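Have a look at the structure below, then the notes.
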Amino acid sequence: QVQLVESGGGLVQAGGSLRLSCAASGSIFSISAMGWYRQAPGKQRELVARITNDDSTNYADSVKGRFTISRDNASNTVHLQMSSLKPEDTAVYYCHAILRPAANFLSRAYWGQGTQVSVSS
């Protein structure tokens, strides 16, 4: 059983910062990528940032220069440092991982339960 547990969401004023963390636990053979998606009310879920096991990163254009994703391979944890937050960053943020739960399993996607980030103007 694989679990992705997020922490660090909350309410912050525009211009402020938050740090999200996500820890993957359970039966994990290997992780190829971890990242964050977000979904605002009435909108589709969108990729925010992603990091692969060779530390290649990609970001949504809307967060480039403001958000930084990092990964601790030893603890299967991914962090998202969010700075210069804007009201339009308000959304539920979901942790995402592509991983193999065992050597004889194919990679598949796993999701966290989501954490609310609210930015007031």
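The values are calculated or read from the model by the stated rules, or taken from the named source; none is laboratory data. Quick caveat, the model's predicted, so the values are computed rather than measured. We place every Cβ from the backbone using ideal geometry, glycine too, and count neighbours over all the protein chains shown. Just so you know, the surface numbers come from the protein's heavy atoms only, side chains and all, with ligands and any DNA or RNA stripped out. Shrake-Rupley method; radii C 1.70, N 1.55, O 1.52, S 1.80 Å.
For the subset of segment 95-121 comprising residues that are farther than 30 Å from Gly16 by Cβ and of a type in the set (A, V, I, L, M, F, W, C), which member is surrounded by the most Cβ atoms within 10 Å (Cβ to Cβ)?
Top of the filtered list is Leu99.
Can you tell me which residues in segment 26-48 are open to solvent by 40 Å² or more (accessible area, probe 1.4 Å) and either on the phi > 0 side of the Ramachandran plot or within 15 Å of the chain's Cα centre (by Cα) (or both)?
Gly26, Ser32, Tyr37, Gln39, Gly42, Arg45, Glu46, Leu47, listed by residue number.
If a residue must be small (Gly, Ala, Ser) and under 11 Å from Gly112 (Cα atoms), how many such residues does segment 26-47 contain? Spell out the reasoning first.
Filtering segment 26-47 for residues small (Gly, Ala, Ser) gives 26-27, 30, 32-33, 35, 40, 42.
From the residues that got through so far, the ones that are under 11 Å from Gly112 (Cα atoms) too are 35.
Summing the residues that are small (Gly, Ala, Ser) and under 11 Å from Gly112 (Cα atoms) in segment 26-47 gives 1.
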